[in-house]
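Chemist: Got a structure here, written out as structure tokens. Questions coming.
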């Protein structure tokens, strides 16, 4: 007897199909919801510069260039103008104090001296004439007083005799004659007093006039001496001993008063003239230090003077040696200086590198703990110097960061590190 065979609902083929569909669905869901969609790029580890973030002392400094100049420079200016008549020395020569350097010719100054001398002689003659007139007037007055005294003496004798006669007998002489004798005697006395007063006033005036002439004469003599000194100043002499580093003069060339003719460098020591970006003008002050290397040794400098004038976006400072000067250093040499802007402080540090040009310090590639890949990490940087950045946010001590250039990475999110 035939038996009905029932068809199986779950055949191996059907189970395999359902399982394959489930696996495919799970894969699709994972790809859309849970898989890593970040862009990747395989890079050679050996071509990268990897730096470790660490704590340390941060010293903020800026690299600048200093020019070696003498510690003291004396500028030579023309005290009087004129044409260059003679050159005693050439630029580059060493000079001693008082050595003549050049001579100027000034015809107007010579004529001025001659005119002042003529005025002086004229004033001197006026003084002598006034003194002579005063002496002659004094002698004339003495003669006049002497004559008056003689007349008064005679008149007094006549007046006294007549007074005695009148006292004895009024009829011996006429009363008119007696009165005439009295009047003449009183007149002579009054005339003598008036002459003395007149002489006194005239003497005071003459003394004032004489004093003014003497003062004027002394002033003219002083002015003449000054002008003669200016004549001596036509010969330019070295005010100090040193090297005549420049001389801007040629035979026959005209020079104005106050014009710069040259300079002398005093070679007792050197300093460095440093040009600094105006961005740091508020952060550079007297006493700040810097260092530079010369002939294998490191030397320390200190800011001696800050020039506040800004030209073409830069200002200048003078720096002097803290201890001894390097042997063999010469005027005009350029030195690379690390100018410190503050005291050292504890900070989280990251080495400088080419990554900064690409990211502006806003993010870096941070290596995973496994060291097999690196991902983008947002950061915030603070102060910087030529060696390191100060890390404010985004990194911790011990983190490893790719600090070489990112130019070839584009906008890749993850770098897969491998060996060549």
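Chemist: Scan the stretch 331-338 and tell me whether some residue there is surrounded by 12 or more Cβ atoms within 10 Å (Cβ to Cβ), assigned by TED's automatic domain parsing to the domain that holds residue 296 and not in a strand (DSSP E or B).
Modeler: yes
Chemist: Let me ask you something else. Of the residues that make up the stretch 224-235, is at least one surrounded by 11 or more Cβ atoms within 10 Å (Cβ to Cβ) and touching a strand residue (DSSP E or B) at 6+ places or on another chain (Cβ under 8 Å)?
Modeler: Among the residues of the stretch 224-235, at least one is surrounded by 11 or more Cβ atoms within 10 Å (Cβ to Cβ) and touching a strand residue (DSSP E or B) at 6+ places or on another chain (Cβ under 8 Å), which makes the answer yes.
Chemist: Further, regarding this structure: So how many residues does the stretch 310-335 have that are over 22 Å from the mean Cα position of the chain (by Cα) and either free of Cβ contacts under 8 Å to residues at least 60 places away in the same chain or closer than 16 Å to residue 288 by Cα (or both)?
Modeler: The qualifying residues number 6.
Chemist: For the stretch 125-161, give me each residue that is modelled with pLDDT under 80 and more than 30 Å from residue 214 (Cβ to Cβ).
Modeler: Within the stretch 125-161, 159 is the sole residue that qualifies.
Chemist: Here's another thing I want to ask about it. Among the residues of the stretch 305-330, how many are part of a loop (DSSP other than H, G, I, E, B) and surrounded by 13 or more Cβ atoms within 10 Å (Cβ to Cβ)? Walk me through it before giving the result.
Modeler: Going residue by residue through the stretch 305-330, those that are part of a loop (DSSP other than H, G, I, E, B) are 312-313, 322-330.
Among the residues that remain, those that are also surrounded by 13 or more Cβ atoms within 10 Å (Cβ to Cβ) are: 325-326, 329.
Within the stretch 305-330, residues that are part of a loop (DSSP other than H, G, I, E, B) and surrounded by 13 or more Cβ atoms within 10 Å (Cβ to Cβ) number 3.
Chemist: Further question: So which residues in the stretch 217-252 are at pLDDT 75 or above and under 30 Å from residue 137 (Cα atoms)?
Modeler: 218, 219, 221
The values are calculated or read from the model by the stated rules, or taken from the named source; none is laboratory data. Bear in mind that the values here come from a model prediction, so they are computed numbers and not experimental data. Every residue, glycine as well, gets a Cβ built from its backbone with ideal geometry; the counts of neighbours run over all protein chains shown.
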